[in-house]
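Visitor: Sending over a structure as structure tokens; questions will come in a sec.
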Amino acid sequence: MCLEQIYCLTIKRIESRVYMRTKNSLKNISASLANNLLLNILRFVSRTLFIKYLGETYLGVNGMLSNVLGILAFADLGIGSAISYSLYKPLSLNDKKKIQSLMKFYKTAYYIIAGVVLVLGLGLLPFLSFFVKDSSSVPSLNIYYLIFLFNMAIGYVFSYKRTLIIADQHEYEITPLVMLSNFLLTFFQILVIIIFKNYILYLIVQSLSIIFENIVVNHRINKKYDYINDKNIEKLTKEELKPIKTNIKALMYHKVGSYFVDSTDNILISKYLGLSIVGFYSNYYLIINMLNTFINSALYSIISSVGNLNVSEKPKKRLEVFKTLNFLSFVVFSTCSLCLYNLFNLFIGDIWLGKKFLLSTGSVLIICIVFYVNGLMHTNEAVKSSAGLYDKDKYVPIIQSIINIVFSILLVKPFGLAGIFIGTLISALFVMVVKPIIIYKYLFESKVWSYYIEFIKEFIILILAGVISNYIVSLDFIGNAYVAFIIYGIITVVVLYALIFLLYRNKPEFKDVVNRIKFMKEKRKNKNT
């Protein structure tokens, strides 16, 4: 074989790997987006009826209990993420014995975790009133908590197998089953709200849905990976367990820190401002969480592809792909954050719930900035996780959580609700500075300064687009709220994208996105001819 033939063969193999990674990523993204679109439409209907028939106090209970039980997520210790990373290589090599051993270890660990969650959860029960400003206003609070606890524990018992199909880039195969389960859950919860107006029945329907979903999903996974249920499966050796244990120890810090960053806002609001304010904020958080779910489902759908790339490509290529992902994240999160700021109160106050449920403009602004900064950090976290760099920044979430709690408590008295969000923003900016250092040093073998410069440039574009679009929207020149929502949204997007196109059209990241789209179209065209 001559050098030219070897070169051509090599190029074809590289193109094939890129095509398959991109193809599987797009399948996972499409499936996730379809699932989340249906789910979020149903959530809006369910939330509207929930507020109408049960009230904002129970809405606050829902958010508060979810966050309190987040404490028990410590029991996970990050085993799921550690196993997911460990599966990338054996899946790429089709090493079924190693996959079997990893899944057996995972199953045993999650059964133990389910038991620990139940024990610790029952231990928290006597202290439940501490988290609520006026617990006497919520009858049967202990019963609600116990149902939440059961749902959490049963999830650990059943859900461990999903890690395998997700790491194998085939999550799209179980998405229709998840969509069906979500539809049935919301449908029956709506019936319970309208007919019985009973919060306990509402939670019981959720329990039944969790059991149903996991049974049908696990049945599909068992058929696809039937070898994981073999009886004679070897245990992982001490050498094989060593890197997993190292990652688990590091992920324990991440778990603890992430809880105090992500889950304490509602607890602090409940403690200092009351459950009704938790209910008001939860409406904004529902929309933010919907957007995060959409975006992160797409982002994390390609983690396994990035994990495969980290194994097979050199640092320079990894950095190129990261810059493309980071650019896409900027486009997506800047679009969403600007639209949220310009349209949040219009949607909630004039279209959805009424002006009674509005938060101040200052609080909304800080919420949107936190959403933007955290969104960009999700890309860093996804790439870092795909490379298994859990040990390198294990103390960062702990420091972040301390910053978040200290500043939130200090600022809640002088600034109220906005003070809690300012504390969250300060902690998010700390992470924005520290975390990129890890992936640039260990994954890209490059200096991090270019990332900071790019972040500042992007933030200036975001501010400029925000000032221009908000000025136009603030003129309030459209009387009908529904028409205004659409027109103001279009104006926001047009202003932002015009600036992005003018400033980024000649940058490699922009061209890479365009080239990948053209490449996929060409492949599909050739396949159909």
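Visitor: Would you tally the residues in segment 195-207 being in a helix (DSSP H, G or I) and either polar (S, T, N, Q) or open to solvent by less than 40 Å² (accessible area, probe 1.4 Å) (or both)? Step through it out loud before you land on a result.
Guide: Looking only at segment 195-207, we keep the residues that are in a helix (DSSP H, G or I), and these are 195, 199-207.
Adding the requirement that they be either polar (S, T, N, Q) or open to solvent by less than 40 Å² (accessible area, probe 1.4 Å) (or both) leaves 199, 202-203, 205-207.
Residues meeting the conditions: 6.
Visitor: For a quick check of your reading of the model, give me the residue pairs whose first member lies in segment 230-242 and is within 17 Å of LEU87 (Cβ to Cβ) and modelled with pLDDT of 85 or more, whose second is of a type outside the set (D, E, K, R) and surrounded by 11 or more Cβ atoms within 10 Å (Cβ to Cβ), with beta-carbon atoms closer than 6 Å and at least 6 apart or on different chains.
Guide: Pairs found: ILE233/GLN100; GLU234/SER101; LEU236/SER101; LEU236/PHE105.
Visitor: Would you say VAL370 is closer than 23 Å to ILE487 by Cβ, β-branched (Val, Ile, Thr) and either without any contact (Cβ under 8 Å) to a residue 60 or more places away in the chain or buried (at least 19 other Cβ atoms within 10 Å of the Cβ) (or both)? Quick ask: steps written out before the conclusion?
Guide: Values: closer than 23 Å to ILE487 by Cβ: no; β-branched (Val, Ile, Thr): yes; either without any contact (Cβ under 8 Å) to a residue 60 or more places away in the chain or buried (at least 19 other Cβ atoms within 10 Å of the Cβ) (or both): yes.
When the stated conditions are applied, VAL370 does not pass them.
Visitor: Can I ask one more? Could you list all residues from segment 424-466 that are out of contact with any Leu (no Cβ under 7 Å at 6 or more places or on another chain) and among the small types (Gly, Ala, Ser)?
Guide: Correct list: SER427, ALA428, SER450.
Visitor: Which residue pairs have Cβ atoms under 8 Å apart, sit 6 or more places apart or on different chains, and have a first residue in segment 405-420 that is under 20 Å from VAL256 (Cβ atoms) and among the hydroxyl-bearing types (Ser, Thr, Tyr) and a second that is open to solvent by less than 70 Å² (accessible area, probe 1.4 Å) and modelled with pLDDT under 90?
Guide: That search, which allows pairs on different chains as well, returns SER408/THR264; SER408/ASP265; SER408/LEU268.
Visitor: Another question about this same structure. Return the residue satisfying two criteria in turn: it lies in segment 505-529 and is modelled with pLDDT of 65 or more and either outside any helix (DSSP H, G or I) or in contact with a Leu (Cβ under 6 Å, 6 or more places away or on another chain) (or both), and of such residues it is nearest to LYS317 (Cα to Cα).
Guide: LYS507
Visitor: Being among the hydrophobic types (A, V, I, L, M, F, W, C) and touching a residue at least 60 places away in the same chain (Cβ under 8 Å) is the requirement here; does LEU91 meet it? Write out each step before concluding.
Guide: Working: among the hydrophobic types (A, V, I, L, M, F, W, C): yes; touching a residue at least 60 places away in the same chain (Cβ under 8 Å): yes.
Here the answer is yes, as LEU91 does meet what is asked.
Visitor: Could you check, for segment 230-248, whether at least one of its residues is outside any helix (DSSP H, G or I), of a type outside the set (Gly, Ala, Ser) and open to solvent by less than 30 Å² (accessible area, probe 1.4 Å)? Give the derivation first.
Guide: Initial filter on segment 230-248 (outside any helix (DSSP H, G or I)): 230-237.
From what's left, of a type outside the set (Gly, Ala, Ser): 230-237.
Retained after the next criterion (residues that are open to solvent by less than 30 Å² (accessible area, probe 1.4 Å)): 233, 236.
Taking every residue of segment 230-248 in turn, at least one turns out to be outside any helix (DSSP H, G or I), of a type outside the set (Gly, Ala, Ser) and open to solvent by less than 30 Å² (accessible area, probe 1.4 Å).
Visitor: Among (1) in contact with a Ser or Thr (Cβ under 9 Å, 6 or more places away or on another chain); (2) within 17 Å of GLU213 (Cβ to Cβ); (3) open to solvent by less than 40 Å² (accessible area, probe 1.4 Å), where does PHE150 come up short?
Guide: (3)
Visitor: When residues of segment 375-421 are filtered for being hydroxyl-bearing (Ser, Thr, Tyr) and more than 29 Å from TYR440 (Cβ to Cβ), how many remain?
Guide: Of the residues in segment 375-421, the ones hydroxyl-bearing (Ser, Thr, Tyr) are 379, 385-386, 390, 395, 401, 408.
Still in the running and more than 29 Å from TYR440 (Cβ to Cβ): 408.
Total satisfying the criteria: 1.
Visitor: Can you find a residue that is in a helix (DSSP H, G or I), free of Cβ contacts under 8 Å to residues at least 24 places away in the same chain, under 30 Å from TYR85 (Cα atoms) and open to solvent by 10 Å² or more (accessible area, probe 1.4 Å) anywhere in segment 380-401?
Guide: As a first pass, look at segment 380-401 and keep what is in a helix (DSSP H, G or I): 380-386, 396-401.
From what's left, free of Cβ contacts under 8 Å to residues at least 24 places away in the same chain: none.
No, every residue in segment 380-401 fails to be in a helix (DSSP H, G or I), free of Cβ contacts under 8 Å to residues at least 24 places away in the same chain, under 30 Å from TYR85 (Cα atoms) and open to solvent by 10 Å² or more (accessible area, probe 1.4 Å).
Visitor: Just to verify a result, which residue in segment 402-423, among those that are among the small types (Gly, Ala, Ser) and in a helix (DSSP H, G or I), is most open to solvent (accessible area, probe 1.4 Å)?
Guide: Narrowing segment 402-423 to residues among the small types (Gly, Ala, Ser): 408, 416, 418-419, 423.
Pick out the ones that are also in a helix (DSSP H, G or I) and you get 408, 418-419, 423.
Working: SER408: 1, ALA418: 19, GLY419: 0, GLY423: 0 Å².
Filtering segment 402-423 for residues that are among the small types (Gly, Ala, Ser) and in a helix (DSSP H, G or I), the one most open to solvent (accessible area, probe 1.4 Å) comes out as ALA418.
Visitor: Residue check: is LEU184 buried (at least 17 other Cβ atoms within 10 Å of the Cβ), of a type in the set (A, V, I, L, M, F, W, C) and under 24 Å from the mean Cα position of the chain (by Cα)?
Guide: On the way: buried (at least 17 other Cβ atoms within 10 Å of the Cβ): no; of a type in the set (A, V, I, L, M, F, W, C): yes; under 24 Å from the mean Cα position of the chain (by Cα): yes.
No: the conditions fail for LEU184.
Visitor: From the set of residues in segment 439-495 that are assigned to a helix (DSSP H, G or I) and among the polar types (S, T, N, Q), which is surrounded by the fewest Cβ atoms within 10 Å (Cβ to Cβ)? Can you show your working first?
Guide: First, pick out the residues of segment 439-495 that are assigned to a helix (DSSP H, G or I): 439-442, 449-474, 481-495.
Subsequent filtering for residues that are among the polar types (S, T, N, Q) retains 450, 469-470, 474, 492.
Numbers: SER450: 13, SER469: 22, ASN470: 17, SER474: 10, THR492: 24.
The extreme case among them is SER474.
Visitor: Counting just the residues of segment 164-177 that are open to solvent by less than 20 Å² (accessible area, probe 1.4 Å) and in a helix (DSSP H, G or I), which one comes out nearest to LYS224 (Cα to Cα)? Can you show your working first?
Guide: The initial filter retains those residues of segment 164-177 that are open to solvent by less than 20 Å² (accessible area, probe 1.4 Å), namely 164-165, 167, 174-175.
Those still in the list that are in a helix (DSSP H, G or I) too: 164-165, 167, 175.
Working: LEU164: 10, ILE165: 9, ALA167: 14, THR175: 14 Å.
Of everything passing the filter in segment 164-177, ILE165 is nearest to LYS224 (Cα to Cα).
Visitor: Output yes when any residue across segment 118-130 is touching a residue at least 40 places away in the same chain (Cβ under 8 Å), assigned to a helix (DSSP H, G or I), under 21 Å from the mean Cα position of the chain (by Cα) and surrounded by fewer than 19 Cβ atoms within 10 Å (Cβ to Cβ), and no when none is.
Guide: No.
Visitor: Just one of (1) in contact (Cβ under 8 Å) with a residue 24 or more places away in the chain; (2) under 29 Å from the mean Cα position of the chain (by Cα); (3) surrounded by 17 or more Cβ atoms within 10 Å (Cβ to Cβ) trips up VAL192, so point out which.
Guide: The single condition VAL192 does not satisfy is (1).
Visitor: What number of residues in segment 427-438 are without any contact (Cβ under 8 Å) to a residue 24 or more places away in the chain and open to solvent by less than 60 Å² (accessible area, probe 1.4 Å)?
Guide: Looking only at that region, the number is 0.
The values are calculated or read from the model by the stated rules, or taken from the named source; none is laboratory data. This structure is a prediction, so every number in the text was calculated from the model and none was measured. Glycine gets a Cβ as well: all are built from the backbone with ideal geometry, and neighbour counts include every protein chain shown. In case anyone asks, the SASA skips ligands and DNA or RNA and just uses the protein heavy atoms, side chains included. Shrake-Rupley method; radii C 1.70, N 1.55, O 1.52, S 1.80 Å.
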